[in-house]
Amino acid sequence: MTFIIENWILILAALVSGGLLLWPVVKPGAGGAAVSTTEAVRLINREKGVLVDVSEPAEFAAAHAGGARNVPLGQIEGAKGLPTNKTIPIVLMCPSGTRSAKAAALLRKAGHAGAVAVAGGTAAWREASLPIEKAA
């Protein structure tokens, strides 16, 4: 008991850091929906994944990942630019990763089990030195 009283700050720090490590696991909507840029490239290259940017057309024209299709978030449900085969991975991206996470959740709900968002979006893609395109 003396140990706990004398070292309460260390115990508190350990509990807080443990809680912060567990937060992404228990956070609602987490469910493995976000992948790193490395995992996204693997899905695209090895599993024939489709890269879809859910940005608005003006944002897409300013900068997007090389080879990405543009399907704005508001049009994601029932969009013709998505694969009809629901087993094909769909890698979703937006400038920050927020809208793409929402799109991934919508697509998983619609039966696309392989729909994932790129954590960090286009910014993370750029930081990983992956190809970025701009409209001419």
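Readers should treat all values here as calculations from the given coordinates under stated rules, not as data from a laboratory. All values reported here derive from a predicted model rather than from experimental measurement. So basically every Cβ, Gly included, is an ideal-geometry build from the backbone, and we count neighbours across all protein chains shown.
Quick notes on this structure:
- For the chain, a Gaussian network of Cα nodes joined below 10 Å ranks S96, S17, S36 by mean-square fluctuation, and the top entry is S17.
- Working from label points 7 Å from Cα in the Cα-to-Cβ sense, the E127 to R42 distance is 1.9 nm.
- Nearest-ten-degree value, helix 98-109 long axis tilted from longest Cα axis of the chain: 80 degrees
- Working from label points 7 Å from Cα in the Cα-to-Cβ sense, the I4 to V16 distance is 2.0 nm.
- Charge tally in the Cβ shell below 10 Å around F60, where Lys, Arg are +1 and Asp, Glu are -1, F60 excluded: -2
- Mean Cβ neighbour count within 10 Å, used as a protection proxy, ranking 117-123, 60-66, 2-8 highest first: 117-123, 60-66, 2-8
- Taking label points 7 Å from Cα along the Cα-to-Cβ direction, A135 and I88 give a separation of 2.4 nm.
- Multiplying the residue separation of A79 and S96 by 0.36 nm and removing their Cα-Cα distance gives an extension gain of 3.9 nm.
- Between G81, G67, G19, the residue with the greatest mean-square fluctuation in the GNM of the chain (Cα pairs under 10 Å linked by springs) is G19.
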